[in-house]
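**Student:** Got a structure for you, questions after.
Derivation of every value follows stated rules applied to the coordinates shown; laboratory data play no part. Source: prediction; values computed, not measured. Note that each Cβ is placed from the backbone with ideal geometry, even for glycine, and that neighbours are counted across all protein chains shown.
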Amino acid sequence: MGADRALLLYINGWAGQIGPLDWVLKAVANDYLVPVVLSLFLLWLWFARPGKEGTQLAVLAGAGALGLGNGLIKLMNLIYYRPRPFTELPVRLLLYRPHDSSFPSNGTAVAFMLATAIYLGNRKAGVVALAIASLYGFSRVYVGIHYPLDVLGGAAIGILTSYGVYRLLPRLEPLPSRLVRLGRSLYLA
Amino acid sequence: MPLTFEYWLLTFLASLGVIQAAAVEGGLRGLWFFPNPLTGRVCAILLVLIAFSRFFLPMNRNVRGVEGFQQSYLFLAGALSALAVTLALSSWLRRGLGPGKEGERGLAALKDRTYFRALWEGRQKDGG
């Protein structure tokens, strides 16, 4: 925990030093920008690769992971509450003050769920998406609303949930194939 | 306007642009708004730019407002609305397209026919 705090203070110590860097990382850390961009990536994959069932199954896995992961995090928040860094340490806060549990980082988890699903559907787009998700996680520490461990926990939950749902799909047969067949019959998959 | 509506509008407009870009990339001519792919790409970029700039530029969006789970279903609503508008508008704008190759099913069938034509042809085939 000591290293976690020290790393937060080091990263957050850069906040307010370089104006353009603050501006960029504040924009990235925003609640809306990265989740929307990554969701749009998934939407693009669905329509840009018609007939590729593997890609569309990865998109379905991403959607399933979002539901499952959000539920999992809500459950974790009921069991464990970690105060936000700005309530305990002299951090320079560049964003609004969230009051839910600091651990795990919900936003980072969602970003990694989406990025992992993109990676499973298309490696090249996935590498870009994972880089965006990592920058998002870093920016949440930089602006002072998460500890590094919160972000690492969120990333792990995001990756494992998406990958887990993707690997689980064959075991749920014939449901996923029926969904894709229904989409095919409606000319939407 | 409430933030939830603004967020829905962001996802609707951006999804409209992304579906156009993906349809051009995937060669789904039946979903294009324009016969020329270059015009389609420009339209897609403009829609995405308009969506993001009208949401982020007029005011500070570093505020608490739309919760994580709410964001997910608002995005779904925005994307589905954009899909519905794309299917209807492209079917009307590209109504001269088709008939396509026989026997094709799924999204790939929209490479050479519009959505409504594909539905109609599929129904005729199933019926007779």
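**Student:** Just checking the output field for B:11-24: average partner chain Cβ neighbours within 10 Å of each residue's Cβ?
**Tutor:** Averaged over the peptide's residues, the number is 4.
**Student:** Would you tell me the mean number of C-beta atoms belonging to other protein chains that fall within 10 Å of each C-beta in A:42-55, as a whole number?
**Tutor:** What the average comes to for A:42-55 is 6.
**Student:** Then there is this: Quick one: Debye curve from the alpha-carbon atoms of region A:60-167 only, equal weights, vacuum; give me log10 I(q)/I(0) at q = 0.15 Å⁻¹ to two decimals.
**Tutor:** With no solvent term, the Cα-only Debye profile gives -0.60.
**Student:** Over chain B, with a Gaussian network built from C-alpha contacts below 10 Å, which listed residue (B:117, B:54, B:29) shows the highest mean-square fluctuation?
**Tutor:** Greatest mean-square fluctuation among the candidates belongs to B:54.
**Student:** In region A:1-86, with Lys and Arg counted as +1 and Asp and Glu as -1 at Cβ, which of these residues, A:25, A:41, A:7, has the Cα nearest the positive end of the dipole, that is, farthest along it?
**Tutor:** Positive-most Cα among the choices belongs to A:7.
**Student:** Which listed residue (A:160, A:180, A:75) has the Cα farthest towards the positive end of the charge dipole for chain A, taking +1 on Lys and Arg C-beta and -1 on Asp and Glu C-beta about the Cα centre?
**Tutor:** The residue sitting most towards the positive pole is A:180.
**Student:** Cross-link list A:74/B:111; A:52/A:74; A:52/B:101: which exceed 31 angstrom alpha carbon to alpha carbon? Write out the running numbers ahead of the final one.
**Tutor:** On the way: A:74/B:111 43 Å; A:52/A:74 34 Å; A:52/B:101 19 Å.
In this structure, A:74/B:111; A:52/A:74 lie more than 31 Å apart at Cα.
**Student:** For helix A:123-142, report the angle its Cα long axis makes with the longest principal axis of the Cα atoms of chain A; keep it between 0 and 90° and round to the nearest 10°.
**Tutor:** Helix A:123-142 and the main axis of chain A meet at about 20 degrees.
**Student:** Could I ask something else about it? Once the mean 1/r over all distinct Cα pairs of region A:3-100 is inverted, what Kirkwood radius in angstroms do you read off?
**Tutor:** The answer is 16.8 Å.
**Student:** Please report the net charge: other residues with Cβ closer than 12 Å to the Cβ of residue B:26, K and R +1, D and E -1.
**Tutor:** +3
**Student:** Something else: Test of understanding: express the Cα radius of gyration of chain A as a ratio to 2.2 N^0.38 Å, with N the residue count.
**Tutor:** Taking the Cα Rg and dividing by 2.2 N^0.38 Å, one obtains 1.12.
**Student:** Report relative contact order for region A:84-189 in percent, whole number only (criteria: Cα-Cα under 8 Å, sequence separation at least 6).
**Tutor:** Here the relative contact order equals 33 percent.
**Student:** Also, quick follow-up: When the Kirkwood hydrodynamic radius is evaluated over all pairs of different C-alpha atoms of the protein assembly as shown, what value in angstrom, to one decimal, is obtained?
**Tutor:** About 20.8 Å, per the Kirkwood formula over Cα pairs.
**Student:** What are the ³J(HN,Hα) values, in whole Hz, obtained from phi via the Karplus relation 6.51 cos²θ - 1.76 cosθ + 1.60 with θ = phi - 60°, for each residue of region B:55-72 in sequence order, with x given for Gly and Pro?
**Tutor:** Ordered by residue, 3J(HN,Hα) equals 7, 8, 6, x, 8, 5, 9, 7, 10, 7, x, 9, 6, x, 5, 5, 4, 4 Hz.
**Student:** Above 19 Å lies some portion of the pair distances; for chain B, what is it as a whole percent of all C-alpha pairs?
**Tutor:** Percent of Cα pairs beyond 19 Å in chain B: 54.
**Student:** Of the residues A:166, A:81, A:119, which exhibits the maximal mean-square fluctuation in a Gaussian network model of chain A defined by a 10 Å Cα contact cut-off?
**Tutor:** For chain A, modelled as a Gaussian network with Cα springs under 10 Å, the answer is A:81.
**Student:** Can you tell me the order of A:36-42, A:4-10 when each peptide is scored by its average per-residue count of other Cβ atoms within 10 angstrom, highest first?
**Tutor:** A:36-42, A:4-10
**Student:** Which value, in debye to the nearest 20, describes the size of the charge dipole of chain A about its Cα centre when Lys and Arg Cβ atoms bear +1, Asp and Glu Cβ atoms bear -1, and nothing else is charged? Could you put the intermediate results ahead of the total?
**Tutor:** Values: 17 positive and 8 negative charges, 100 e Å.
For this selection, approximately 480 debye.
**Student:** So what are the ³J(HN,Hα) numbers for region A:159-168, from phi and the Karplus equation (6.51, -1.76, 1.60; θ = phi - 60°), rounded to whole Hz, Gly and Pro as x?
**Tutor:** Working through the residues one at a time gives 5, 5, 5, 5, 5, x, 5, 4, 6, 7 Hz.
**Student:** Which of B:74, B:57, B:89 ends up with the largest GNM mean-square fluctuation for chain B, with Cα atoms connected below 10 Å?
**Tutor:** Per the Cα network of chain B with a 10 Å cutoff, B:57 tops the list.
**Student:** Please order A:163, A:136 by the number of other Cβ within 10 Å, starting at the fewest.
**Tutor:** Working: A:163 17, A:136 28.
Fewest-to-most ranking of A:163, A:136: A:163, A:136.
**Student:** Per residue of B:58-71, count partner chain C-beta atoms within 10 Å of its C-beta, then hand back the mean as an integer.
**Tutor:** 5
**Student:** Also, quick follow-up: Cut-off 19 Å, label point 7 angstrom out along Cα-to-Cβ of residue A:167: give me the residues of region A:99-116 whose amide nitrogen falls inside.
**Tutor:** Residues A:112-116 qualify, since their backbone N sits under 19 Å from the label point.
**Student:** If the viscosity is 1.306 mPa s and the temperature 10 °C, what Stokes-Einstein diffusion coefficient in µm²/s follows for region B:62-113 when Rh is the Kirkwood radius over Cα pairs?
**Tutor:** Working: Rh = 13.7 Å.
Here the translational diffusion coefficient equals 116 µm²/s.
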